[in-house]
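Shown next, in structure tokens, is the structure this report addresses.
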């Protein structure tokens, strides 16, 4: 009996397209093509090719002994493929060679595999004393046409990463940039022993190592190094610059923006613009910073952003790749949780999982947490949100409800423009991984009008913790401790006094104008509990929408429902009535239905009423 590819794809845990390729190659016995579709025998055995592809990279035999660890924080390709479970992304090399562009720029959010990808490219192309082809012989790039193998180990490579350049002063940043350049020169010390390189070039090389070169000489360093390498090896040079925009962001945040953009502009221009010694160059970052003219004159710069379809599957994990990881670790039943927490990014038309979070999920025993938010500073986000207006705050609330907003997306934004208007903020949030495009409304202009949405539960938690959590700077340790104690013990008086004291001492009367403010304030306080609770805001449950729900990750703990009411100029009696009304709404609208369905045994409801800086809190345990 013959069956469709979908059934076999589900059974063999590969894509339908891959099975069709194997059918066409004659690797599946009994497969027949009917019209444009392939049919496969129901009892067909898994081809050896699929078994090999499903095998973690670097393993020479089936997994019978050691379970390989996840490559958490590993940016060395050699280490990743020999000691860890590695998701094969080597076809990126093929696409780069096929495109044959001079300079590539890839913009993706942080922790989406850019640095490991660039180290893979370096390892593949770099000419070294030792044969490095063994790191690729079991990878997909080696199964392609032999023409691609001819490029392996054939070029000198200049490789710099600016991912760790975080400094508050220009003087410190300048020294860090000099050190990154010096470190790369030191990696090519063989040039000092070159029998063909002129003495004056060796003297310049030594001046970099001894830190005796001027700032102008330092800016020309990569151009000079490309010349020396090309002269010595008698071939052109590949240049890789990882996280190129980190120093620029630091300059914007810390007040030395003009100095750092001037330095970086000259550094890049010397090696990437009209350089006859350049084979090709690759840069990665979060933003495309073109308006600062960092890439002035690079007319052949090939830019790839999260909106582009090309290379969409290379940064981050696809559904198929996550399925393979889950099966390898024996956790196929975790897929639904993985989808909710870490899937949902859209690069071009390709749905993508956050790779950092997926790997941390398996490494931590499959406990869902907001891993991504712990990997970098939220200073930039805080700066943007604090400069926003009520309209921006309302839009963020809309996003937290799971709804969409619309914005004009500019992939060419520069840092000084980001805080100017809402669209530039949304553009930055999209490029940084906080939002995803769900649809393009209009492409009449260079900057499309897009519908935007929060991609998954992790980013929803990040919004609450990093964005609405801007309130947290106002909270003292005592406030947060009392708030948590009051919430978990049902102490209405402590809860009410804690909120009243905070409102009285920290918030202006203007800030308390709308219910959205109180909602955001409570979310900011609750962000401290995100490790123990899944915090959900404005979601449908029962016969309406609750304000805030806390679902315990440990089902032994209680769950919580919070409903708010707010009016101006209410008396104490009216406040108490509103708090009671909020409690009745929770019960009458059956907001507890979602927690009940998820197996939460104990549910505490809170009705909270606000009027200016006054507050009333009522609490009751819901009975089934």
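Values quoted throughout were computed directly from the atomic coordinates according to the rules given, and no laboratory measurement underlies them. What you see is a predicted model; the values in this text were computed from it and never measured. Counting neighbours? That spans all protein chains shown, and the Cβs are built from the backbone with ideal geometry, glycine included.
Before moving on, here are some points about what is shown:
- Residue 481-residue 440 FRET efficiency (beta carbon distance; Förster radius 56 Å; 0.05 resolution): 0.75
- Two-decimal Rg to Rh for the chain - Kirkwood Rh, Cα set: 1.02
- Potential lengthening between residue 593 and residue 193 on full extension [0.36 nm per residue; Cα-Cα distance subtracted]: 136.5 nm
- In a fully extended conformation the segment linking residue 94 and residue 403 would gain 107.3 nm over its present Cα-Cα distance, using 0.36 nm per residue.
- Theoretical FRET efficiency, 1/(1+(r/R0)^6), r = Cβ-Cβ of residue 451 and residue 554, R0 30 Å, to 0.05: 0.25
- The chain - mean residue ellipticity at 222 nm from DSSP helices (-39,500 (n - 2.57) per run, n ≥ 4, rounded to 500): -12000 deg cm²/dmol
- Along principal axes, Cα extents of the range 319-364, largest first, whole Å: 31, 17, 14
- Antiparallel beta bridges, as assigned by DSSP with both residues in the range 559-624, represent about 55 percent of the total such bridges.
- Between 0 and 90°, nearest 10: helix 390-400 axis offset from the chain longest Cα axis: 80 degrees
- Backbone N under 15 Å from the residue 568 label point (7 Å along Cα→Cβ), restricted to the range 588-624: 610-614
- Summarising the strand pairing of the range 475-622, around 70 percent of its internal DSSP beta bridges are antiparallel.
- Modelled spin labels at residue 276 and residue 66, positioned 7 Å past Cα toward Cβ, are 5.1 nm from each other.
- DSSP bridge orientation in the chain - percent antiparallel, rounded to nearest 5: 60 percent
- Alpha-carbon centroid distance for the pair the range 562-585 / the range 139-179, whole angstrom: 59 Å
- With R₀ fixed at 56 Å, the C-beta to C-beta distance from residue 146 to residue 543 puts the FRET efficiency at about 0.30.
- Relative contact order for the chain: 10 percent, from Cα pairs under 8 Å spaced at least 6 residues apart, divided by residue count.
- In whole percents, the pair-distance distribution calculated for the range 475-622 from its alpha-carbon pairs, binned every 5 Å from zero, is 2, 10, 20, 25, 22, 13, 6, 2, 0.
- Between the helical axis of 257-272 and the longest alpha-carbon principal axis of the chain there is an angle of about 30 degrees.
- Stretched out straight at 0.36 nm per residue, the stretch from residue 214 to residue 235 would grow longer than its current Cα-Cα span by 4.7 nm.
- C-alpha long axis of helix 221-233 to longest principal axis of the chain, angle in °: 40 degrees
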